[in-house]
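The values are calculated or read from the model by the stated rules, or taken from the named source; none is laboratory data. Model, not experiment: these values are computed from the prediction. Cβ coordinates were reconstructed from backbone atoms using ideal geometry, including for glycine residues, and neighbour counts include every protein chain displayed. In case anyone asks, the SASA skips ligands and DNA or RNA and just uses the protein heavy atoms, side chains included. Shrake-Rupley method; radii C 1.70, N 1.55, O 1.52, S 1.80 Å.
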Amino acid sequence: MTPPSPPPTRPQLVALDGGCFTGKTTLATVLASQLDATAVPEYADLAPLPPYPPRTLDDVHAGLDHLCRLEQQRADLARRLRTNLVLFDRSPLSCIAYQQAIAHLGIPADPHYAAGIFTHAVHAGAALPPDRYLYLRLPPETVLARQRHRGPVQPHLVDPRFTTANDHASLRYLDMLPDDRRLILNADRPISQLAATAAAFLATTPTSPAPATWTRMLDTPHGQPRTPAPHPA
């Protein structure tokens, strides 16, 4: 009798997260070329994003359901790819941190719903949690400077209140992860330096447990995260 085939293994999934104009897409493209990996586009490149601002929590939930469906599409694509490394431009971490950040602007938001639906999708096998994170940081004044050169976005995305809260929410989660599961990068550095630092990080095999899903980031204290300063690349 022919022995059963081993179950297919999924590729290593690395999420690139950070605010607008931090260079996530550029870094993903460079790393994909250098590491024989595949870069998977962010949500806005797959379908229109939910309208902003939402008027009610029902609008918020409908928008998050839409993003969760897109995340499931990205997971299906990752499972079909033949490369051993897949780079996701943004991840559910971005969606959850976004909900926490717009709440600081007085906009309807529900980060608990966001964390819950993405975590449920992982537990149900419909979505894939990242194995590792690359997080790019920029100070608010640099975000505004890049926005002036690269074109307009919705104003709240470059509002310092939003960018600071978004960064803080993301780092609260990343702070819970071991050093071999996340790398914080100073996005002010040249792309060649960022790519070299990220490639060296990804060349090592993590020995710590895989990251937990995202509901944990809502249960931590609201003090400043302990994450070290960004790697200077």
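Note on the chain: with a GNM built from Cα contacts shorter than 10 Å, the maximum mean-square fluctuation among H149, H168, H61 falls on H149.
Just how large is the dipole of the chain about the Cα centre, in debye to the nearest 20, putting +1 at every Lys and Arg Cβ and -1 at every Asp and Glu Cβ?
340
What's the longest uninterrupted piece of the chain once you rule out the trypsin sites (Lys or Arg not before Pro) that are loop residues per DSSP with at most 10 other Cβ within 10 Å? Spell out each step's value before the answer.
Numbers: sites that count: R55, R82, R226.
In short, 83-225.
Over the stretch 1-138, accessible surface divided per residue gives 47 Å², non-protein components excluded, 1.4 Å probe. Kirkwood hydrodynamic radius of the stretch 78-210, from the reciprocal of the average inverse Cα-Cα distance over all distinct pairs: 16.6 Å.
Within the stretch 46-141, the proportion of C-alpha pairs whose separation exceeds 20 Å stands at 41%.
Using the Cα coordinates of the stretch 134-188, the gyration tensor eigenvalues translate into equivalent-ellipsoid semi-axes of 24, 13, 8 Å, sorted from longest to shortest.
Keeping the other protein chains in place, figure out the carbon and sulfur percent of the accessible area of the stretch 1-135, with a 1.4 Å probe.
On the stretch 1-135, the fraction of accessible area on carbon and sulfur atoms equals 57 percent.
When the Gaussian network model of the chain links Cα atoms closer than 10 Å, the mean-square fluctuations of Q73, Q154, Q12 top out at Q154.
Springs join every pair of Cα atoms under 10 Å in this Gaussian network model of the chain, and among G151, G19, G63 the largest mean-square fluctuation is at G151.
Taking every alpha-carbon pair within the chain, the share separated by more than 29 Å comes to 24 percent.
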